[in-house]
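Everything on this sheet refers to the single structure shown next.
The values are calculated or read from the model by the stated rules, or taken from the named source; none is laboratory data. Not measured: the values here are computed from a predicted model. Methodologically, a virtual Cβ is constructed for each residue, glycine included, from the backbone with ideal geometry; neighbour enumeration extends over all protein chains shown.
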Amino acid sequence: MEKAMSTSYHYKTTSPAVLEAVRAWDEKLKAFHFQLEAMTKIFGGPGSPMYSGNDKYVGGVKISASRDLDVHWCRPDDHGYRSLRTAAKIPKGTAKEARPAIKAEHDRLKALWLEHCPARISADDTWKAIGLDWGTIWLSGGVFFELEGTVYLHLGFKLSNDGDQVEGAKEIMASELEAARQQIFQQRKAA
């Protein structure tokens, strides 16, 4: 989650506990994105990465906008993603004999969705393991990432001795955090 922060504070830590929490989140996030892409094989398009607070979930798949799919899928959103209907929307005038097949196909699609759609994931536990309250993050904003054994934190609030604390955190200049972030971006481009 990245939220525009009016006041920014930058920290880094090499705490093993914080590093472990961030690496575990990175693995969970990597698996989530892999499953999003894997939905292409099943549904003909990748899953939509949706965000709500610290949570990530799938809201639909990017498939054809053809009206033929409206029986099973809602109309595409502004980004072209369609969500599976809770029940088939059988067109008016459909013969009674054809309805069971439409319902059976919808049940098949729902079963595939349940089997292949990645579960909702939340960074709340990661923030807690880092030493921060998810509510504070949600209200003030925060980003974490790891580079070469160091966890960098960009927060919308100042860590304090009597409040939010992160083991081993040292305040750093924004330029140091940004340099680390740019290294991450360059590594992703090279991959």
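Just to check your reading of the model, which residue among Gly131, Gly93 is over 19 Å from the mean Cα position of the chain (by Cα) and within 24 Å of Asn54 (Cβ to Cβ)?
Gly131
What are the pairs, 6+ residues apart or on separate chains, where a residue within segment 90-101 that is surrounded by 10 or more Cβ atoms within 10 Å (Cβ to Cβ) has its Cβ under 7 Å from a residue that is part of a loop (DSSP other than H, G, I, E, B)?
If the second residue must be part of a loop (DSSP other than H, G, I, E, B), the pairs left are Arg99/Ile90.
If you check Gly59, Gly44, Gly53, which single one turns out to be on the phi > 0 side of the Ramachandran plot, surrounded by 14 or more Cβ atoms within 10 Å (Cβ to Cβ) and outside the structural domain of Ile130 (by TED's automatic domain parsing)?
Of the residues listed, the single one that is on the phi > 0 side of the Ramachandran plot, surrounded by 14 or more Cβ atoms within 10 Å (Cβ to Cβ) and outside the structural domain of Ile130 (by TED's automatic domain parsing) is Gly53.
If you take the residues in segment 12-58 that are among the charged types (D, E, K, R) and not in a strand (DSSP E or B), which one is farthest from Glu148 (Cα to Cα)?
Among those residues, the one meeting the criterion is Lys41.
Given the criterion out of contact with any His (no Cβ under 8 Å at 6 or more places or on another chain) and not small (Gly, Ala, Ser), identify the matching residue among Glu105, Glu176, Glu167.
Selected residue: Glu167, the only one of Glu105, Glu176, Glu167 that is out of contact with any His (no Cβ under 8 Å at 6 or more places or on another chain) and not small (Gly, Ala, Ser).
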